[in-house]
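A.B. asks: Below is the structure I would like to discuss, written out as structure tokens.
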């Protein structure tokens, strides 16, 4: 076998004897042939080579084989009897259209770090996966290769979290235990409170599943085969391979580790029989050389094991080792074994009281037919509380109605967004509350892509601080015509990250697919971004919102070219020093001339302030070559009073006073 980091562990103590004893003298061989020895025989079995193989596969069987024999000498005899029962059961029963068997489940969350204390949602997602896979309701049945489809089975087995615990009290079917153990071995330790785990609930009435903080040697999970010690019966799975939402590790993040391990718990072997070209005691699974990993392409290994089989390995079977995304099938033959198990060695589960509601201290819980909808649609909420409540008080922010006392209300959501849900249940034993933050997601209208239209890419726009009248319009195509859609115009200096965008609401309070801005404001942006010479390259784009989601447009370049209206160079002769002259006339109304000298090329700012120090106008804000300059400052819009003008160039700065008298 190929050595790899992650492998699905087969079965624990109980199955080890079955695999090592059955595969050498199995009762049902592949195809139509059958061997029926009176008892299993281990003669000629090479334990040394098998042990080395298992070490390579990291399945951990070898360390438990001897222990199982020592602790349970009668195990082999029970497996012999069970296999005879399976053969007899399969001959006497029709396996189509049987009554669905529902198994009560308790999940024991054993955690060391808080991240390992997985959520109810993650646990529930795993139960959903089991029900889909065992009922062949999984969406990826379409990926089953056509030649294997006739063998695919609805096992007619379902799983539900228990509602009654062994003491007759209401329960969510979940226990939580913090442990000092960081990683458990492939064995019974996690199944005992005394060794850092959690004691099992009676295995005659419940399927016990433990989630572990980790399993030694990077094992994903392991399970017991029917017929072992009831105190250790069940399935163990690493917390990060359990379910399909929550804290998960790819490529085992779709819940198929549990489908695989529960298959073992229901008497299924690995599809390759844990031996080279071995047998899994199922007639309709093709014989294959060994396990498969990753996600092979069909057909894979055609005619393996010297058999005429152009379809190759059934690598998509849940009992192989492929990635979760590649698994999608149990076969009819595997169904026979599982149903026989539930009518034989595990028949007591059908008489369990674990799924019979009992009145007691209520535990609030709910689900819904959906929790992600388009706006103006409704959600049906379903009370799933334990303890048989007699009253319900729901709160639905953003919904209509916003509250309800019905057990199973229907609520309409008209506005996109994310909304909380709260449920308070009560009966004569007391009350309980559940609050789920952002449980409902109401999506906005579907938006179509946005295309910028004008100004076109690489357009240059002259801008000036003194131009308050010219308007510039930026246009783009509509993302849609729903009233919930709004837009934001975004602009930033070229070469800077999107996080530096300056954002403006589009016209008509964000509802228009255009944005209008004054020339003077564009000049202020150019001054803010900083020019090279007199220009700055900017990137503009648009973001559309539908109340919940956002959609970004493409990006255009616009060049803002600053022009200092009113500035003239009076002499190209290079001055000996920086100078700021008194304005003339002074007092003035409404125009005055400000002169200054620049002896070396410098970035120059000429700013006007009022008497309170507020900036009134930025007259010059650009790189100037050496020379003498004049600026005609026009102030028809200003009130009479004292103003200051300040020149900054290189390390030079000077401020002077002027008086506007109207």
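The values are calculated or read from the model by the stated rules, or taken from the named source; none is laboratory data. Keep in mind that what you see is a predicted model, and the values were worked out from it rather than measured. Methodologically, a virtual Cβ is constructed for each residue, glycine included, from the backbone with ideal geometry; neighbour enumeration extends over all protein chains shown.
Quick grid of which residues meet (1) loosely packed, with under 15 Cβ neighbours inside 10 Å; (2) over 30 Å from residue 414 (Cβ atoms):
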| position | (1), (2) |
| --- | --- |
| 461 | no, yes |
| 495 | yes, yes |
| 513 | no, no |
| 528 | yes, yes |
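A.B. asks: Residues to consider are 554, 457, 519; find the one that is touching a residue at least 24 places away in the same chain (Cβ under 8 Å) and buried (at least 18 other Cβ atoms within 10 Å of the Cβ).
C.D. replies: Result: 519 is the single residue among 554, 457, 519 that is touching a residue at least 24 places away in the same chain (Cβ under 8 Å) and buried (at least 18 other Cβ atoms within 10 Å of the Cβ).
A.B. asks: Out of the residues in the range 591-634 meeting the condition of being touching a strand residue (DSSP E or B) at 6+ places or on another chain (Cβ under 7 Å) and not in a strand (DSSP E or B), tell me which one is surrounded by the fewest Cβ atoms within 10 Å (Cβ to Cβ).
C.D. replies: Looking at the filtered set, the residue picked out is 611.
A.B. asks: Within the range 370-383, is there a residue that is buried (at least 21 other Cβ atoms within 10 Å of the Cβ) and out of contact with any strand residue (DSSP E or B) (no Cβ under 6 Å at 6 or more places or on another chain)?
C.D. replies: no
A.B. asks: It is to be established whether one or more residues within the range 436-444 are more than 26 Å from residue 485 (Cα to Cα), in a strand (DSSP E or B) and within 23 Å of the chain's Cα centre (by Cα).
C.D. replies: Checked the range 436-444: at least one residue is more than 26 Å from residue 485 (Cα to Cα), in a strand (DSSP E or B) and within 23 Å of the chain's Cα centre (by Cα).
A.B. asks: OK, next. What is the number of the single condition among (1) on the phi < 0 side of the Ramachandran plot; (2) part of a loop (DSSP other than H, G, I, E, B); (3) modelled with pLDDT of 95 or more that residue 168 does not meet?
C.D. replies: Condition not satisfied by residue 168: (1).
A.B. asks: With the range 505-564 as the region, which strands (runs of 3 or more DSSP E) entirely inside it contain at least 2 residues that are in contact with a helix residue (DSSP H, G or I) (Cβ under 9 Å, 6 or more places away or on another chain) and closer than 18 Å to residue 476 by Cβ?
C.D. replies: 535-545
A.B. asks: Would you tally the residues in the range 310-364 being surrounded by 21 or more Cβ atoms within 10 Å (Cβ to Cβ) and closer than 30 Å to residue 391 by Cβ?
C.D. replies: Final tally of qualifying residues: 3.
A.B. asks: Please go through (1) assigned to a loop (DSSP other than H, G, I, E, B); (2) without any contact (Cβ under 8 Å) to a residue 40 or more places away in the chain; (3) surrounded by 18 or more Cβ atoms within 10 Å (Cβ to Cβ) for residue 450 and return the number of the only condition it doesn't satisfy.
C.D. replies: Failed condition: (2).
A.B. asks: Check residue 288 against each of (1) touching a residue at least 60 places away in the same chain (Cβ under 8 Å); (2) crowded, with 23+ Cβ neighbours inside 10 Å and name the one condition it does not meet.
C.D. replies: Going through (1) touching a residue at least 60 places away in the same chain (Cβ under 8 Å); (2) crowded, with 23+ Cβ neighbours inside 10 Å one by one, residue 288 breaks only (1).
A.B. asks: While we're here: May I ask you to list the residues in the range 286-312 that are under 34 Å from the mean Cα position of the chain (by Cα) and closer than 19 Å to residue 260 by Cα?
C.D. replies: Residues satisfying the conditions are 290, 291, 292, 293, 294, 295, 296.
Yes/no matrix, rows are residues, columns are (1) closer than 17 Å to residue 328 by Cβ; (2) buried (at least 22 other Cβ atoms within 10 Å of the Cβ); (3) outside the structural domain of residue 320 (by TED's automatic domain parsing); (4) at pLDDT 95 or above:
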| site | (1), (2), (3), (4) |
| --- | --- |
| 218 | no, no, no, no |
| 222 | no, yes, no, no |
| 239 | no, yes, no, yes |
| 251 | yes, no, no, no |
| 262 | yes, yes, no, yes |
| 274 | no, yes, no, no |
